[in-house]
Number of protein chains: 2
Amino acid sequence: MPSIKQSHTQQIVLAHGGGGELMQSLIRTHVLPKLGNPWLDKLDDGAVLGRISGDIVFTTDAFVVTPLEFPGGDIGRLAVCGTVNDLAVMGADPVALSLAIVVEEGTALSLVDRILESVRRAADEAGTRVATGDTKVIERREGSGMILTTAGIGVRCESADLDTKRIVPGDRLVINGGIAEHGMTIMSVREGFEFETEIRSDAAPLNGLIKAALSSGCDLKFMRDPTRGGVATALCDLADEMGHSIELEEAALPLTPTVRHAAELLGLDPLTVANEGKCLMCVAERDADRLLAVLQSHPLGQKAAVIGRITDTVPPLVELATVAGGRRVVPRPYGEELPRIC
Amino acid sequence: MPSIKQSHTQQIVLAHGGGGELMQSLIRTHVLPKLGNPWLDKLDDGAVLGRISGDIVFTTDAFVVTPLEFPGGDIGRLAVCGTVNDLAVMGADPVALSLAIVVEEGTALSLVDRILESVRRAADEAGTRVATGDTKVIERREGSGMILTTAGIGVRCESADLDTKRIVPGDRLVINGGIAEHGMTIMSVREGFEFETEIRSDAAPLNGLIKAALSSGCDLKFMRDPTRGGVATALCDLADEMGHSIELEEAALPLTPTVRHAAELLGLDPLTVANEGKCLMCVAERDADRLLAVLQSHPLGQKAAVIGRITDTVPPLVELATVAGGRRVVPRPYGEELPRIC
């Protein structure tokens with residue numbers, strides 16, 4: 001047992017997950033100093049949030065990204081942003097998050113600290129807190145590894161009337177900035193690519209930007225964060241749901257030269273690559289320019305663009321009007337073969 | 001790619017987690033048929049639960065148990081019961097659960113189906129539903145594996161006045177049945193032990209039993225489900241919190257001969273072994289018998305027993321009055337070396 005006693009101050013050991021003294025110490029010396037708040041500090045079986053008025057929205061996401069840290073973020077930032085954004089696209093402001101950590105034996109406690117710090121920073125940016133949590137330790141495998149699962153409770157903005165049934169041909173599709181940045185960052189790190197201009201994950205909490213859009217008075221009918229499966233999957237789902245077609249303008253898609261270059265090297269269509277700080281919005285035609293101005297005046301929407309429109313083509317499809325003047329159908333991706341993107 | 005096309009109807013492949021067509025098919029042909037309900041069926045980014053009146057309680061747990069299936073339950077039952085019980089011991093009735101599934105490539109879809117079915121059954125028993133979820137697939141490792149994370153939203157029973165500050169010497173400690181059954185089952189399965197009488201996990205949702213106790217009018221001051229770290233950890237935590245000591249009666253501890261025998265074989269103290277269907281309650285002395293009768297009339301409390309009392313010994317400790325007439329201090333376990341108990 002001496003190895004445990006010696007090593008437990010620097011790395012995770014199995015006993016950190018055993019529910020005993022060492023787990024208490026992990027929580028008190030690592031989790032609470034980073035994430036502490038009146039809800040979490042009680043260390044009860046759950047957090048009493050009290051009364052919440054308004055329509056409650058509930059969501060969850062698991063995160064298995066490899067590597068755990070990457071340019072623009074880490075698994076902690078991803079976990080907070082993913083859940084905050086799922087609430088935000090439902091028109092809801094986050095009230096509280098839960099965080100469950102499954103960590104491999106042998107993981108450096110300094111890495112755990114960095115990731116918890118990042119969770120805290122992202123939660124601060126989103127104006128929310130981790131109210132309750134859980135920690136489990138699993139056996140060592142190929143090295144250090146961590147899986148985070150967040151759930152979130154939000155309250156719906158009363159003025160939001162998001163309903164795909166309200167969408168009509170002519171409505172515009174808007175996105176708040178460059179696509180494919182998260183997925184291309186992860187894959188570039190894994191492949192060891194280096195570019196002149198650094199490629200960075202776009203992971204960011206979008207609730208502030210979305211609140212600005214909702215309170216602008218623009219007639220917003222749909223919002224979704226195009227994560228796994230990218231813009232293509234989100235729009236194929238939308239076409240199915242609303243029963244109308246979508247025409248995307250390739251020339252209008254915000255795409256940095258570095259992301260375009262990385263996608264070409266890997267033979268990937270940026271439309272199918274994950275985003276973690278982007279929101280697709282469908283807005284009434286008359287409000288498109290105004291929405292664009294609202295988004296562009298927010299730090300997370302400076303490169304917002306109108307990228308397409310709803311059409312009455314049948315059957316409902318997503319079509320891309322290419323730069324070369326052609327048209328192609330954007331199919332629903334079958335499923336990425338590359339795991340652990342988020 | 002033919003192997004993926006051939007195998008994806010029988011086992012999990014990476015593309016099941018890719019956010020594309022195959023993930024849609026997994027959700028529509030496996031998840032919704034088992035767990036479907038009006039919240040989940042919408043397949044939105046989150047579930048709109050609507051207005052909830054009363055104090056809201058929020059909790060989460062990750063489950064990494066190995067093996068995934070065991071006598072008396074499986075990881076699905078465990079995940080639902082764990083979260084329902086965390087709410088219940090806070091005095092809250094479950095409103096909705098979230099379920100995040102991280103599954104290894106190569107896992108049989110028939111196993112996924114059985115576990116989802118078990119999630120559904122346990123949720124039915126608890127009178128709640130999975131409102132929202134997420135699925136991720138990770139690379140194959142030592143075989144099939146699955147990690148489930150549940151979060152739960154509950155509403156606190158208004159008559160509950162659980163507060164360790166109200167506890168006074170003389171108050172009684174009650175448990176609703178046999179201890180150490182879950183942990184000893186998992187370890188016995190792993191060790192390949194066979195006993196004349198089968199040993200089974202006690203995993204069960206306790207909200208019904210706890211509701212009966214709360215509405216009995218008995219003066220309940222504290223409840224906790226002694227999971228990881230067992231009764232010893234829960235009571236050491238309680239002693240610290242309330243600043244009083246606890247005297248446990250070894251002769252009163254409900255322990256089946258099989259569990260006692262298994263613990264002896266493995267050299268474990270049953271007080272430190274995990275339970276997944278037990279609740280420790282602290283009740284005013286005058287109400288102890290009445291509480292016992294209430295618990296014993298419920299299917300999950302037939303073997304309920306008064307196992308100890310609060311004393312004014314200082315400093316606050318947990319002491320065991322042994323069958324042999326001796327006394328020993330019950331220390332807080334350092335941390336189990338055996339991972340993946342729950």
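The values are calculated or read from the model by the stated rules, or taken from the named source; none is laboratory data. In this text, all values refer to a predicted model and were calculated from it rather than measured experimentally. Backbone-built Cβ (ideal geometry, glycine too); neighbour counts: all protein chains shown.
Brief remarks follow.
Matching residues to (1) assigned by TED's automatic domain parsing to the domain that holds residue A:192; (2) modelled with pLDDT of 95 or more; (3) in contact with a strand residue (DSSP E or B) (Cβ under 7 Å, 6 or more places away or on another chain):
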site: A:17; (1), (2), (3): no, no, yes
site: A:39; (1), (2), (3): no, yes, yes
site: A:43; (1), (2), (3): no, no, no
site: A:47; (1), (2), (3): no, yes, yes
site: A:53; (1), (2), (3): no, no, no
site: A:57; (1), (2), (3): no, yes, yes
site: A:66; (1), (2), (3): no, no, no
site: A:81; (1), (2), (3): no, yes, no
site: A:85; (1), (2), (3): no, yes, no
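- When B:84, B:155, B:137, B:95 are screened for being more than 7 Å from chain A (Cβ to nearest Cβ), touching a residue at least 24 places away in the same chain (Cβ under 8 Å) and surrounded by 24 or more Cβ atoms within 10 Å (Cβ to Cβ), only B:84 passes.
- The residue that is farthest from residue A:95 (Cα to Cα), counting only those in region B:62-74 that are within 8 Å of chain A (Cβ to nearest Cβ) and assigned to a strand (DSSP E or B), is B:63.
- Set B:212, B:160: member being touching a residue at least 60 places away in the same chain (Cβ under 8 Å), surrounded by fewer than 24 Cβ atoms within 10 Å (Cβ to Cβ) and more than 28 Å from residue B:259 (Cβ to Cβ): B:160
- Condition met for residue A:102 (under 21 Å from residue A:45 (Cα atoms) and modelled with pLDDT under 95): no
- Set A:177, A:208, A:192: member being in contact with a Lys or Arg (Cβ under 8 Å, 6 or more places away or on another chain) and of a type outside the set (D, E, K, R): A:177
Residues are listed down the side, and each one gets a yes or a no for (1) under 30 Å from residue B:52 (Cα atoms); (2) modelled with pLDDT of 95 or more; (3) not small (Gly, Ala, Ser):
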{"site": "A:137", "(1), (2), (3)": "no, no, yes"}
{"site": "A:168", "(1), (2), (3)": "no, yes, yes"}
{"site": "A:171", "(1), (2), (3)": "no, yes, yes"}
{"site": "A:176", "(1), (2), (3)": "no, yes, yes"}
{"site": "A:181", "(1), (2), (3)": "no, yes, yes"}
{"site": "A:184", "(1), (2), (3)": "no, yes, yes"}
{"site": "A:200", "(1), (2), (3)": "no, yes, yes"}
{"site": "A:211", "(1), (2), (3)": "yes, yes, yes"}
{"site": "A:247", "(1), (2), (3)": "no, yes, yes"}
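- Boolean, residue B:46 is closer than 25 Å to residue A:46 by Cβ, within 8 Å of chain A (Cβ to nearest Cβ) and surrounded by fewer than 19 Cβ atoms within 10 Å (Cβ to Cβ): no
Table: residues versus (1) surrounded by fewer than 23 Cβ atoms within 10 Å (Cβ to Cβ); (2) closer than 25 Å to residue B:320 by Cβ; (3) within 14 Å of the chain's Cα centre (by Cα).
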| site | (1), (2), (3) |
| --- | --- |
| B:198 | yes, no, no |
| B:206 | no, yes, yes |
| B:223 | no, yes, yes |
| B:230 | no, yes, yes |
| B:233 | no, yes, no |
| B:245 | yes, yes, no |
| B:249 | yes, yes, no |
| B:260 | yes, yes, no |
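- Test: residue in region A:23-31 that is facing chain B (nearest Cβ under 8 Å), among the charged types (D, E, K, R) and assigned to a helix (DSSP H, G or I): no
- With respect to the conditions (1) in contact with a helix residue (DSSP H, G or I) (Cβ under 6 Å, 6 or more places away or on another chain); (2) modelled with pLDDT under 95, residue A:314 lacks only one, and its number is (1).
- On inspection, residue A:59 fails the criterion of being touching a residue at least 40 places away in the same chain (Cβ under 8 Å), buried (at least 24 other Cβ atoms within 10 Å of the Cβ), in a helix (DSSP H, G or I) and within 13 Å of chain B (Cβ to nearest Cβ).
- Of the candidates B:230, B:177, the single residue that is more than 14 Å from chain A (Cβ to nearest Cβ) and at positive phi is B:177.
Here's the yes/no breakdown for (1) in a helix (DSSP H, G or I); (2) among the aliphatic types (A, V, I, L, M):
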| site | (1), (2) |
| --- | --- |
| B:118 | yes, no |
| B:123 | yes, yes |
| B:134 | no, no |
| B:153 | no, yes |
